[in-house]
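Asks: First, the structure itself, so that you have it in front of you.
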Amino acid sequence: FMQFLFGMSAADSKRRYELKLAKDVNAENPHYIYLDIKPRFEPDKREFTRAQMVLFANTMLPRRLWFEHPNGNEILWDLPNFDTNTKLKPSDFTPPPAQQGWETVKVPRLDAPVPGPAPRIVRPASK
């Protein structure tokens, strides 16, 4: 579902999801646009059964995202405001130091090679 939000083309979104304007912008609240989203294909249906994205009408930025998992669990992201003027630096993403008495443990990536000595004996693969 995150692919829908970040980087999916409009054509691909229309193909994979049923998109419906849920509420008339001018009728109920002129500040928001409501989009109902339902997956069309089985792989997407395994991720969520339905969703709703609410956009700010003046900026088209997301205001709220709600979706329902196939098991009935619901997720709601509420984004009441955006600051698009602040410039972020790489240092803004540096994790804070561990609290006193705690330690930070770096977990290797799953695709990273396992450190250690090289094997001493190489055996041919059996057929």
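The values are calculated or read from the model by the stated rules, or taken from the named source; none is laboratory data. This is a predicted model, so every value here is computed, not measured. When we count neighbours, we look across all protein chains shown, and the Cβ atoms used for this are built from the backbone with ideal geometry, even at glycine. Remember, those area values only see protein heavy atoms, side chains included, never the ligands or the DNA or RNA. Shrake-Rupley method; radii C 1.70, N 1.55, O 1.52, S 1.80 Å.
Asks: All but one of (1) part of a strand (DSSP E or B); (2) surrounded by fewer than 10 Cβ atoms within 10 Å (Cβ to Cβ) hold for ARG123, so report the exception by its number.
Replies: All conditions are met except number (1).
Asks: What number of residues within segment 65-116 are in a loop (DSSP other than H, G, I, E, B), farther than 30 Å from ILE37 by Cβ and not small (Gly, Ala, Ser)?
Replies: The initial filter retains those residues of segment 65-116 that are in a loop (DSSP other than H, G, I, E, B), namely 69-73, 79-89, 94-116.
Now narrow it down to the ones that are farther than 30 Å from ILE37 by Cβ: 87, 89, 94-116.
Adding the requirement that they be not small (Gly, Ala, Ser) leaves 87, 89, 94-97, 99-100, 102-111, 113-115.
Qualifying residue count for the region: 21.
Asks: Could you identify the single residue in GLU74, GLU47, GLU28, GLU42 that is at pLDDT 95 or above and not aromatic (Phe, Trp, Tyr)?
Replies: Going through GLU74, GLU47, GLU28, GLU42 in turn, the sole match is GLU74.
Asks: To continue, here is another question. Answer yes if at least one residue in segment 53-75 is β-branched (Val, Ile, Thr) and open to solvent by 70 Å² or more (accessible area, probe 1.4 Å), and no otherwise.
Replies: Yes, segment 53-75 contains at least one residue that is β-branched (Val, Ile, Thr) and open to solvent by 70 Å² or more (accessible area, probe 1.4 Å).
Asks: For segment 29-37, does any single residue satisfy the condition of being in contact (Cβ under 8 Å) with a residue 40 or more places away in the chain, closer than 21 Å to MET8 by Cα and of a type outside the set (Asp, Glu)?
Replies: No.
Asks: Find the residue count for segment 41-90, including only residues that are of a type in the set (Asp, Glu), over 15 Å from the mean Cα position of the chain (by Cα) and within 17 Å of SER13 (Cα to Cα).
Replies: 1
Asks: Here is a list: LYS14, LYS38. Which entry is part of a helix (DSSP H, G or I) and either open to solvent by 70 Å² or more (accessible area, probe 1.4 Å) or hydroxyl-bearing (Ser, Thr, Tyr) (or both)?
Replies: LYS14
Asks: I'm trying to understand the selection: among the residues of segment 41-64, which are assigned to a loop (DSSP other than H, G, I, E, B) and touching a Leu at 6+ places or on another chain (Cβ under 8 Å)?
Replies: Hit for segment 41-64 is LEU61, nothing else.
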